[in-house]
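Asker: One structure follows; several queries about it will come next.
No value in this document is a laboratory result; all are computed from the given coordinates. No experiment lies behind these values; they were computed from the predicted model shown. Cβ coordinates were reconstructed from backbone atoms using ideal geometry, including for glycine residues, and neighbour counts include every protein chain displayed.
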Amino acid sequence: MTEADSEIIKPEMLKAYVWLQTSDGSIQQVEQEVAMYCPFICQEIHSGMGSSKNYPISLPSRVNPSMLSLILDYCRFHQVPGRSNKERKSFDEKFVRMDTKRLCELTSAADSLQLKPLVDLTSRALARVIEGKTPEEIREIFHLPDDLTEEEKLEPIKNTMDDPRIRLLNRLYARKRKELKERERLKVITSLFLPCDNVEIEEERGDERSVDDLLSFINGGGEDSKGTRTSKNKKKSRKRKDLKAASTNCTSTSNNTSSSSNDVDLNKKETNELHSESGNPSLHNKLLNDVCNATKLLDIEDDGLAAEDEFDGIDPALKEKLDREVEDFARRLNSDWPEIMQEILSRGQERRPLPLTVNGNGSLRRYTSSDQRHK
Amino acid sequence: MRKRARLTEPKELFNADDCISALPDDLLVTILSCLTLKEAAVTSILSRRWRHLWTNVAGLDFDANDTLDNIAADPKLRSSERPKYINWVNRVVRQHRGPTLDAVRICFDLDKSSRSAIDNWVKFAIAKRVQRLELDLLENGETLRQPTRNYTFPYKPLSQSKGSSLKNVYSNLALTQPSMSTGLKCLKALSLKCVNVSEEALDCFLSTCLVLQYLSIHGSGGLKNVKVTGFELPLKYLEIVFCLGIDTIEISNVNLVSFSYLGPGIDLIISNVPMLDEISIGEGYSGLENNVFRQLSCCLYQLEVLTLDIYRPEENIKIFAFPVLPNLKQLILKVGAWDDDSLLEFTSLIKACPNLNRFVLQLIWMSPSKRRRKMRRAPECAHEHLTLVEIVGYYGRTSDAELAMYFLENAVALQKIVIDPHNQILERSPLGIAQIKNEESARRRARKQLEPKKPPAVQLVIL
């Protein structure tokens, strides 16, 4: 159809032409084979447009005349079939040497004409502009608005948890790990003198209490003690399920802090999904879960989710603030102890847990029985 | 402590010079996809709009090659670098917002001690319907470790619905059974290095991954009998390298196009593989153990590309009667260079490929040494279709020159011969001076040996 047209309209020309209209209203005459390289124009031609000056193809608004001429240069080169890959690559490299503003405009125009190879080329060029530069430099090159708050800017650098409470938990876990390592060492020493399981059990249960409390505090907001207790129990059972699976995955960490006896226990006792309320069997399972807890914390260390590394980058002001919050946190924990004690005693446990507190300089230490203010 | 947000312009107007902001989000993500992951993440603090754009990037390549180079130089660094890598991946995984992923690549020295973290990443990738998944957990980023210390691919949690068994406190993925099997159905390419794959897991890949075309397993323990059958399998490319417990590999009634095996001698059963035209094989030290040509007999006729991995070319290769490979277009030999052993016996293999176009000899410098001895000659042969010869890892020994001369003299259709004098063993530790000197001498020897003897029609390229 186009051939017939060109015969009538331009008998002296051998080539077929199409007419393109840009956003400013001006109309250009372009060789058809060049213009057809753009999928958008191709589609328009097939639906009958562009064959004469009176029916030009309306190009999308993002294509202004200077962009159109660039794009047509690109098409004119690449639509020739005989070119080698080397030639094409060399042309492309030279082609994208322009200022970033024009690159952006070109990307936009090429995208609207659906010319994917050119979009990829310009995107890569823009990526090269971005790479290796600091954010300030990038903002300057592209004239981007600097509209993030300071805190928002700091976020990607430190732990990017959305929930600040989880960050606190991380901090406490880190302290817990230190505490556990201490205890492991103590265990080794004490086991030489007191080869008794009781000591182990007490210590670990003390851990579980405070960790669960932390979780329930975080999740329940710590309003009333009853609420704390129920949510704590829920937490425990869910944690048990996690731990059961985690227990089958427990392996020694690169720091070798998990004791081999724990692993052995886990392998023997794998079948439990209990809630804490039932009688003596729960003790057994509690032991298992206490042990799981210890190793779960160590697992977390593996995952690096609570890695102390993450906190190295925080500025000191923030660090101080977190320290104070942690102290606050732990102090509120201590006030819940009466309830916990009641619960344990009501289940007929003989051994009292050894709760933890925070002393003046922010490190955790164990209450001794003489320190206990409440009974 | 909040500082007021600073703006260069009133909120309503874009800066007139700010053209990039006129681009739609998906174009910006395309641009970010051209950057490395770390570079892309930096853009999150450019401005409000850019905050989460990078999290839509479709390909996550957790590349830490620089760190691995450092660890290779000082292995003590591993214990401090591992948590950092794990942290990094976890952070990105947590923040990723795009609904799907094209590719995920984990490349670091990780073993079973980081199991729960890696499990999480695998689940994340599959839940996002990743198409290409690569777990490259080589020790020091370059060697295979003892399989007992390897991470094992989490087969059970993916296929059995035990609810949220590994639900992580920090995980914001809702991992239910349907999403896992849907995810697996999108997997096209899977590459596992130093990851233990059980036979059940392998069967699962083959049966559940309905579009799996590329499967590569390096250094896995736990595999004994590998069976790949069924014309319904989409698998095109299978690669098994140094999985030491394997006894048998059976490939039958399947549309596999390329098969690669490297390791100890095994019982290799290949039958009815009509599309198979590329094989890379190395059984045992000699590469040809267990009469490998007999094992491959059913597909020798159709082969177009053959690669042989011959760690120790033994004297008795001469005895080998090489079968005819009538359709072979490319022959690639990877041969260990010991002392100054003659390579001319390989010419009888080349002779058995009448239609050969391209021949490559890759010499791996084990303990090469140049000996002064007379150059031998192999029986003449025209090699009428051989147009390209490449000798990679040219040391300059008499045996190397012998072979190059053979081609210069015999291959009547030869257009180009490429000599590459570089050491083929690529280690992370940087090149030592002795190494660089070796390569220099090799280059010099190549020029001295070959340039005078080159026929006019042949292009000699010494890299």
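Asker: Write out the trypsin sites (Lys or Arg not before Pro) in the stretch B:328-431 meeting two conditions: DSSP loop, and at most 14 other Cβ atoms within 10 Å of their Cβ.
Answerer: Of the trypsin sites (Lys or Arg not before Pro), the ones in loops of the stretch B:328-431 whose Cβ has at most 14 other Cβ atoms within 10 Å are B:Arg371, B:Arg372, B:Arg373, B:Lys374, B:Arg376, B:Arg377.
Asker: Relative contact order (percent) for the stretch B:389-463, with alpha-carbon contacts under 8 angstrom and 6 or more residues of separation? Before the final figure, lay out the partial values.
Answerer: Values: 98 pairs, mean separation 33.9, N = 75.
RCO, the stretch B:389-463: 45 percent.
Asker: Follow-up. What residues have an amide H closer than 5 Å to that of B:Ser280, excluding those fewer than 5 places away on the same chain, when H is modeled at 1.01 Å from N in the peptide plane?
Answerer: Placed amide hydrogens put B:Phe259, B:Ser260, B:Tyr261, B:Thr307 under 5 Å from B:Ser280.
Asker: Turning to a different aspect of this structure: At what distance in nm do the modelled label points of B:Ser80 and A:Ser58 sit from each other, each positioned 7 Å from its Cα along Cα→Cβ?
Answerer: About 6.5 nm separates the two model spin labels.
Asker: Listing B:Trp54, B:Trp121 from the residue with the fewest other Cβ atoms within 10 Å to the one with the most, what is the order? Walk me through the numbers on the way to the answer.
Answerer: Numbers: B:Trp54 26, B:Trp121 21.
The most exposed by this proxy come first: B:Trp121, B:Trp54.
Asker: Within a 10 angstrom radius of the beta carbon, how do B:Thr152, B:Thr30, A:Thr190 rank from fewest other beta carbons to most? Could the numbers behind the result be given before it?
Answerer: On the way: B:Thr152 19, B:Thr30 22, A:Thr190 14.
Result, fewest neighbours first: A:Thr190, B:Thr152, B:Thr30.
Asker: Using amide H atoms built 1.01 Å from N in the peptide plane, name the residues 5+ places from B:Ile310, or on other chains, whose amide H lies under 5 Å from its own.
Answerer: For B:Ile310, the qualifying residues are B:Lys334, B:Val335, B:Gly336.
Asker: Here is a follow-up. Using a 10 Å cut-off on Cβ to Cβ distances, tally the other chain neighbours for every residue of A:107-113 and report the average as a whole number.
Answerer: Values: counts 8, 6, 0, 1, 5, 1, 0.
If you average over the peptide's residues, the count of other-chain Cβ atoms is 3.
Asker: Another question, then. Using the Cα centre of chain B as origin and beta-carbon charges of +1 (Lys, Arg) and -1 (Asp, Glu), tell me which of B:Ser191, B:Ala442, B:Leu386 is placed farthest towards the positive end of the dipole.
Answerer: After comparing all options, I get B:Ser191.
Asker: If we count every other residue with Cβ under 11 angstrom of B:Leu308's Cβ, Lys/Arg +1 and Asp/Glu -1, where does the sum land?
Answerer: On the way: positive: B:Lys334; negative: B:Glu283, B:Asp309.
The answer is -1.
Asker: Suppose a student asked you for the relative contact order of chain B, using Cα pairs under 8 Å spaced at least 6 residues apart; what percent would you report?
Answerer: On the way: 931 pairs, mean separation 33.1, N = 463.
Once normalised by length, the contact order is 7 percent.
Asker: Can you work out the Karplus-derived ³J(HN,Hα) for every residue in the stretch B:290-297? Use 6.51 cos²θ - 1.76 cosθ + 1.60 with θ = phi - 60°, whole Hz, and x for glycine or proline.
Answerer: The phi angles translate into 6, 6, 4, 5, 5, 4, 8, 3 Hz.
Asker: Right, here's the next one. Length gain on complete extension for the stretch A:Lys153 to A:Glu184, per 0.36 nm per residue less the alpha carbon to alpha carbon distance? Please report the intermediate quantities before stating the final value.
Answerer: Details: separation 31, 0.36 × 31 = 11.16 nm, distance 3.99 nm.
Between A:Lys153 and A:Glu184, full extension yields an extra 7.2 nm.
Asker: Same structure, new question: So who's got an amide H within less than 5 Å of the one on B:Val211, skipping anything under 5 residues away but keeping other chains? H placed 1.01 Å off N, in plane.
Answerer: B:Leu187
Asker: Continuing with the same structure: Which entries in B:Lys351/B:Lys437; A:Lys89/B:Lys448; B:Lys329/B:Lys351; B:Lys227/B:Lys351; B:Lys188/B:Lys334 show an alpha-carbon gap greater than 24 Å? Numbers along the way, then the final one.
Answerer: Numbers: B:Lys351/B:Lys437 35 Å; A:Lys89/B:Lys448 35 Å; B:Lys329/B:Lys351 12 Å; B:Lys227/B:Lys351 34 Å; B:Lys188/B:Lys334 29 Å.
B:Lys351/B:Lys437; A:Lys89/B:Lys448; B:Lys227/B:Lys351; B:Lys188/B:Lys334, as the Cα separations exceed 24 Å there.
Asker: Kindly identify the stretch B:281-391 as rounded, prolate or oblate by the Cα gyration tensor criterion: order the square roots of the eigenvalues as a ≥ b ≥ c, call it rounded if a/c is under 1.5, otherwise compare a/b with b/c, prolate if a/b is larger, else oblate. Intermediate values should be presented prior to the final figure.
Answerer: Details: a/c = 1.77, a/b = 1.28, b/c = 1.38.
Oblate, because a/c is 1.5 or more while a/b does not exceed b/c.
Asker: Would you mind calculating the gained length between B:Glu39 and B:Asn225 on full extension (0.36 nm times residue separation, minus the Cα-Cα distance), in nm to one decimal? Display every interim value, and only then the final one.
Answerer: Numbers: separation 186, 0.36 × 186 = 66.96 nm, distance 4.37 nm.
Taking B:Glu39 through B:Asn225 to full extension adds about 62.6 nm, to one decimal.
Asker: To continue, here is another question. Quantify how strongly other chains surround peptide B:29-42 by giving the mean number of their Cβ atoms within 10 Å of each of its Cβ atoms.
Answerer: On the way: counts 1, 9, 12, 4, 3, 9, 7, 2, 0, 1, 5, 3, 1, 8.
Neighbouring Cβ atoms belonging to other protein chains average 5 per residue here.
Asker: Okay, moving on. Which shape class, rounded, prolate or oblate, goes with the stretch B:355-429 when its Cα gyration tensor gives a ≥ b ≥ c as root eigenvalues, a/c under 1.5 marks rounded, and past that a/b bigger than b/c marks prolate?
Answerer: Numbers: a/c = 3.03, a/b = 1.42, b/c = 2.14.
It comes out oblate by the Cα gyration axes.
Asker: Separation between the B:Met275 and A:Ile27 pseudo-spin-labels, each 7 Å from Cα along Cα→Cβ, expressed in nm?
Answerer: About 5.2 nm, to one decimal.
Asker: Just rank B:Val412, B:Val89, B:Val241, fewest to most, by other beta-carbon atoms within 10 angstrom. Can you show the working numbers first?
Answerer: Details: B:Val412 13, B:Val89 26, B:Val241 18.
Lowest to highest Cβ neighbour count: B:Val412, B:Val241, B:Val89.
Asker: Which residues in the stretch B:404-430 have a backbone N closer than 15 Å to a point placed 7 Å from the Cα of B:Glu380 along the Cα-to-Cβ line?
Answerer: B:406-413
Asker: Now a separate question. Using a 7 Å offset from the Cα along the Cα-to-Cβ direction at both B:Arg373 and A:Glu93, what is the distance between the two label points in nm, to one decimal?
Answerer: Distance between label points: 4.6 nm.
Asker: B:Val389: net charge of surrounding residues, Cβ under 13 Å, Lys/Arg +1, Asp/Glu -1, itself excluded?
Answerer: Numbers: positive: B:Arg358, B:Lys416, B:Lys454; negative: B:Glu390, B:Asp400, B:Glu409, B:Asp420.
Neighbour charge sum, excluding B:Val389 itself: -1.
Asker: Which net charge results for the neighbourhood of B:Thr152, defined as the other residues with beta-carbon distances under 9 angstrom from its beta-carbon, given Lys and Arg at +1 and Asp and Glu at -1? Before the final figure, lay out the partial values.
Answerer: Values: positive: B:Lys112, B:Arg115; negative: none.
Taking every other residue near B:Thr152 into account, the sum is +2.
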